[in-house]
Amino acid sequence: MMSVASLPESEKIRALEENHWSLWSYFGRGEGCALHDTPELLRFDTPIPTLPYNAVLRFREGGDVDARIDAIFAHYQDRGVPFVWLVHPSSSPDDMGERLARRGFVEAEVLPGMVADTRDMPAPDLTPDGIEIREVDGGDDVVSVLDLIAWRWDVPEEVRHLLAGVAGEFPVGPDQKLRCWLACKDGAPVSKAIINLDVGAVGLYGVATRPEVRGLGLARTLTLTAFAAARQAGFHLAVLHSSPMAVRMYERLGFVSVVPFRVYAPADTFHA
């Protein structure tokens, strides 16, 4: 069986893009949301007026490029919400960053797209004393995940009640495409990780740990737990889009950088 390392780079990039689009597209399917999905454009709207809850995920050349870009900007300006624009590897034209800069956007973050083979990863670490790790399967755990998401992205209190509806179409559970693990300390959720099993790859998303328990290795433990489950489900190609600060951790798990994903947003609005 072919190893991940021997896959053509084009296949790795395809998995990095398509798994990302697959996960983030669910934001356009929830209550009060909208999804625009064509080969040339993928974007979504949600009723949450803060980043990253309105976004352009895919843009490819076709027709009058500047007119299309202007129409997208006008759409979100008419709604009165900020949005992010992901410049992905197959994005075109090649000068998308410059075109966005001319419209007031800045490169807010560069996410290294990384790949690994789940068969080569170490076994999950022993759970630290006082920590419980469990897979999310509905009920109160879903509420706990939403609470962590609201904290992670600083969702304003007045719109946090919308999160449940926005996330309502995410198929999360042990037998679903999306699977999620929680780490709890003294019964309180303190860390999470999500995987997306789709397009022939397992993608890692939403890793976040509260500051009071950082240093316990929970991100690593949750990541390895999730990828071990993916391996058992037959998924070998693992992909993720790392924050700059987490690259070293993922490299220690066997991940290698393949290609950057560039996040553009209005200045001083995106704080990953």
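The values are calculated or read from the model by the stated rules, or taken from the named source; none is laboratory data. Since the model is a prediction, treat every value here as computed from it, not as a measurement. Cβ coordinates were reconstructed from backbone atoms using ideal geometry, including for glycine residues, and neighbour counts include every protein chain displayed.
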Legend entry - Residue match in the stretch 244-262 (condition: at pLDDT 95 or above, assigned to a strand (DSSP E or B) and crowded, with 21+ Cβ neighbours inside 10 Å): no
Inset, instruction - Taking the options 148, 197, 182, 162, name whichever one is outside the structural domain of residue 19 (by TED's automatic domain parsing), more than 28 Å from residue 234 (Cβ to Cβ), in contact with a Lys or Arg (Cβ under 7 Å, 6 or more places away or on another chain) and not hydroxyl-bearing (Ser, Thr, Tyr). - result: 148
Legend entry - Number of positions in the stretch 54-83 that are closer than 18 Å to residue 19 by Cα and either crowded, with 19+ Cβ neighbours inside 10 Å or free of Cβ contacts under 8 Å to residues at least 12 places away in the same chain (or both): 5
Inset, instruction - Starting from the stretch 126-138, keep only residues that are closer than 14 Å to residue 189 by Cα, then list their pairs with residues that are loosely packed, with under 15 Cβ neighbours inside 10 Å whose Cβ atoms are within a distance under 6 Å, requiring at least 6 positions of separation or different chains. - result: 135/174
Inset, instruction - Looking for whichever is closer than 18 Å to residue 210 by Cα and in contact with a helix residue (DSSP H, G or I) (Cβ under 8 Å, 6 or more places away or on another chain) here; the options are 163, 146. Which one fits? - result: 146
Inset, instruction - Inspect the stretch 1-8 for any residue being surrounded by fewer than 16 Cβ atoms within 10 Å (Cβ to Cβ), in contact (Cβ under 8 Å) with a residue 40 or more places away in the chain and hydroxyl-bearing (Ser, Thr, Tyr) and give the result as yes or no. - result: yes
Legend entry - Residue among 223, 269 that is out of contact with any Ser or Thr (no Cβ under 6 Å at 6 or more places or on another chain), of a type in the set (Ser, Thr, Tyr) and assigned to a loop (DSSP other than H, G, I, E, B): 269
Legend entry - Residue satisfying condition, being touching a residue at least 24 places away in the same chain (Cβ under 8 Å), over 21 Å from residue 241 (Cβ atoms), out of contact with any Ser or Thr (no Cβ under 6 Å at 6 or more places or on another chain) and part of a helix (DSSP H, G or I), within set 146, 163: 163
